[in-house]
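Student: Structure provided below as structure tokens; questions to follow.
The values are calculated or read from the model by the stated rules, or taken from the named source; none is laboratory data. What you are looking at is a predicted structure, and each value in this text was computed from that prediction instead of being measured. A quick note on method: Cβ atoms are made from the backbone with ideal geometry, for glycine too, and the neighbour counts reach across all protein chains shown. Please note that ligands, DNA and RNA were not included when accessible areas were found on the heavy atoms of the full protein model with its side chains. Shrake-Rupley method; radii C 1.70, N 1.55, O 1.52, S 1.80 Å.
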Amino acid sequence: PVMNGAMGGKSAIGSVYAMSTGPSIITELRNVGVNVLSIESNSDILSYLDAVATETLVGEQCLLYTDDSGRTFNVVVSGGAEGLTATYNSAKATYSGIAVTIFLPFVARVLVSTVNFSFSSDYEATQAPSLGLHPGFLFCVFGIILASETSQSWLGMSLDVRGCNSVGAHVWRSSMLADYPRYTSLLCLALAWFAPFGTSGRDFLTALGTGIGGAILLASLGSRAWKKLGIPCIDKDAFYAPVLGYLMSILAGFAFPFIGLRSVTGGCGENSDDYQFPHGGSRRARQLVTIAAVMVAVTFALTDVAQVQAIFGFAWTYQGATNLSVGLWWMLSTIASLAVCSRLDASLGENAQPFLVRDETSPVGFIVPSLPKILIDPTYRGQPWGCCGAISDVLSAVVVVAVGASIIWMGIKQIGGEEDAMPWEL
């Protein structure tokens, strides 16, 4: 394991913050029970960060770097980690699990409507909207109304299901800053919105965007439920581990959707610094699950009424099959959520550390507030592709020239009257 710091009792020794030399700071921190991971000036800092970011660390620790002059710094990850942290915290603060669970049955209605879909040239939708909901409405729901709920689902999975120590560890581990699942869903719905009505392409893009959006909603619920239930992390370095983690978060969201609600918790542990409510815990969680489940059922039933459909322009198909499948899922998932409320982790409250503060840009999740930071950009990790620098440069130049020449040649032929000319048609 990477951790080599000493653990012990905590005491308030103010002299730690007055230290000016690196070794003495690290010694004093360890003497008062702080787990310090130390990087010396002659160490391979990139390799050390690779090891720290890929290992799930338990408890609180800090990562410090001491240079040749004896100065000590907190090691933090740059390269967009700070901005991603702000985005994730904002989405997390405004997350509404109830809104997600209410809208999931609508996703099921749209997907059920694809039963008659085909790519045949004779295919033509006979009703508007052809899949029950207009793609423009779906775009607004996923992109605006549920913006926080669909934001950074991959990052949430990385932190809660794969056990990344912090946002900085996720950035160092994957270098993934963009929210690609959300972008893909919204792009499909935007293209469907402006596609010709009644075409197979429009309905396919609508179904694809809605399906991806529904998976994002389930993953956001599932990753939160995964952490609350204390399920062991999928801490693997295999290439398939991120995809496996995302699929498992979707499965957890499908099985225990109401556990992912922000208000459903197991209370606070005895060592937490949060206020201890006398009536908190699993009973309160079961009450909140019941209230949320009833709200979902009432909303689903109301939107099935013909008069409501006529007012809002809904056009459901296969209502009997949809009601049967959604009703079965609602009942089983509610029972499952109620059954596991007693397993909710009651130790998720904040614990005050006298010398460390939470910082998501640190690869271990905590820093010493009295010390400056040294920024490490993940762009420089790893080695350049290829075996020979000169050959790599030549190949890059050849590829750029070939692609550019093909596009220019296609433009010249189209100007000459060949509107359907393609680059490979010389």
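Student: Within the group Leu229, Leu218, Leu189, which residue is in contact (Cβ under 8 Å) with a residue 12 or more places away in the chain, more than 30 Å from Ala285 (Cα to Cα) and hydrophobic (A, V, I, L, M, F, W, C)?
Tutor: Step by step, each of Leu229, Leu218, Leu189 is checked, and only Leu189 is in contact (Cβ under 8 Å) with a residue 12 or more places away in the chain, more than 30 Å from Ala285 (Cα to Cα) and hydrophobic (A, V, I, L, M, F, W, C).
Student: Got a sec? Which of Val110, Val115 is open to solvent by 20 Å² or more (accessible area, probe 1.4 Å), part of a helix (DSSP H, G or I) and closer than 26 Å to Leu251 by Cα? Explain how you work it out, then say what you get.
Tutor: Numbers: Val110 fails: open to solvent by 20 Å² or more (accessible area, probe 1.4 Å).
Residue meeting the stated conditions: Val115.
Student: Within region 144-157, is even one residue outside any helix (DSSP H, G or I), open to solvent by less than 10 Å² (accessible area, probe 1.4 Å), farther than 19 Å from Phe314 by Cα and in contact (Cβ under 8 Å) with a residue 12 or more places away in the chain? Full working, then the answer.
Tutor: So the first thing to find is which residues in region 144-157 are outside any helix (DSSP H, G or I), and the list is 146, 151-152.
Now narrow it down to the ones that are open to solvent by less than 10 Å² (accessible area, probe 1.4 Å): 146.
Filter once more, so that each one left must be farther than 19 Å from Phe314 by Cα: 146.
Imposing the further condition that a residue be in contact (Cβ under 8 Å) with a residue 12 or more places away in the chain reduces the set to 146.
Yes, that holds for at least one residue.
Student: Follow-up. Just a yes or no: is a residue in region 76-93 over 20 Å from the mean Cα position of the chain (by Cα), over 26 Å from Leu288 (Cβ atoms) and open to solvent by less than 20 Å² (accessible area, probe 1.4 Å)?
Tutor: As a first pass, look at region 76-93 and keep what is over 20 Å from the mean Cα position of the chain (by Cα): 76.
Now narrow it down to the ones that are over 26 Å from Leu288 (Cβ atoms): 76.
Retained after the next criterion (residues that are open to solvent by less than 20 Å² (accessible area, probe 1.4 Å)): 76.
Yes: region 76-93 contains one or more residues that are over 20 Å from the mean Cα position of the chain (by Cα), over 26 Å from Leu288 (Cβ atoms) and open to solvent by less than 20 Å² (accessible area, probe 1.4 Å).
Student: OK, next. Quick one: in region 253-284, which of the residues that are at pLDDT 90 or above and either assigned to a loop (DSSP other than H, G, I, E, B) or out of contact with any Lys or Arg (no Cβ under 9 Å at 6 or more places or on another chain) (or both) is most open to solvent (accessible area, probe 1.4 Å)? Lay out the reasoning, then the answer.
Tutor: The first filter runs over region 253-284 and keeps only residues at pLDDT 90 or above, leaving 253-261.
If we keep only those that are either assigned to a loop (DSSP other than H, G, I, E, B) or out of contact with any Lys or Arg (no Cβ under 9 Å at 6 or more places or on another chain) (or both) too, we end up with 254-258, 261.
Values: Phe254: 107, Ala255: 34, Phe256: 50, Pro257: 0, Phe258: 0, Leu261: 4 Å².
Among residues in region 253-284 that are at pLDDT 90 or above and either assigned to a loop (DSSP other than H, G, I, E, B) or out of contact with any Lys or Arg (no Cβ under 9 Å at 6 or more places or on another chain) (or both), the one most open to solvent (accessible area, probe 1.4 Å) is Phe254.
Student: For Thr334, which of the numbered conditions (1) at pLDDT below 90; (2) open to solvent by less than 40 Å² (accessible area, probe 1.4 Å); (3) β-branched (Val, Ile, Thr); (4) out of contact with any Lys or Arg (no Cβ under 9 Å at 6 or more places or on another chain) fails to hold?
Tutor: Among (1) at pLDDT below 90; (2) open to solvent by less than 40 Å² (accessible area, probe 1.4 Å); (3) β-branched (Val, Ile, Thr); (4) out of contact with any Lys or Arg (no Cβ under 9 Å at 6 or more places or on another chain), the lone unmet condition for Thr334 is (1).
Student: When you scan region 294-302, do you find a residue that is touching a residue at least 40 places away in the same chain (Cβ under 8 Å), assigned to a helix (DSSP H, G or I), at negative phi and among the β-branched types (Val, Ile, Thr), even just one?
Tutor: Scanning region 294-302, I find at least one residue that is touching a residue at least 40 places away in the same chain (Cβ under 8 Å), assigned to a helix (DSSP H, G or I), at negative phi and among the β-branched types (Val, Ile, Thr), so the answer is yes.
Student: Any residue at all in region 223-235 that's in contact with a Ser or Thr (Cβ under 6 Å, 6 or more places away or on another chain) and surrounded by fewer than 23 Cβ atoms within 10 Å (Cβ to Cβ)?
Tutor: yes
Student: Just one of Ser41, Ser15 is at pLDDT below 75 and part of a loop (DSSP other than H, G, I, E, B); which is it? First the steps, then the outcome.
Tutor: Working: Ser15 fails: part of a loop (DSSP other than H, G, I, E, B).
Criteria check complete, one pass: Ser41.
Student: Name the pairs whose Cβ atoms lie under 7 Å apart, with the first residue in region 367-389 and modelled with pLDDT of 75 or more, the second part of a loop (DSSP other than H, G, I, E, B) and charged (D, E, K, R), and 6 or more positions between them or separate chains?
Tutor: These pairs meet every condition: Ile367/Asp359.
Student: Need pairs with beta-carbon distance below 7 Å; first residue of a type outside the set (Val, Ile, Thr) and modelled with pLDDT of 90 or more and within region 88-102, second in a helix (DSSP H, G or I) and open to solvent by 20 Å² or more (accessible area, probe 1.4 Å); sequence gap 6+ or separate chains.
Tutor: Sorted first by the residue in region 88-102, then by its partner, the pairs are Ala91/Ser148; Tyr95/Ser148.
Student: Residues in region 118-137: is at least one closer than 24 Å to Phe312 by Cβ, open to solvent by 20 Å² or more (accessible area, probe 1.4 Å) and in a helix (DSSP H, G or I)?
Tutor: Checked region 118-137: at least one residue is closer than 24 Å to Phe312 by Cβ, open to solvent by 20 Å² or more (accessible area, probe 1.4 Å) and in a helix (DSSP H, G or I).
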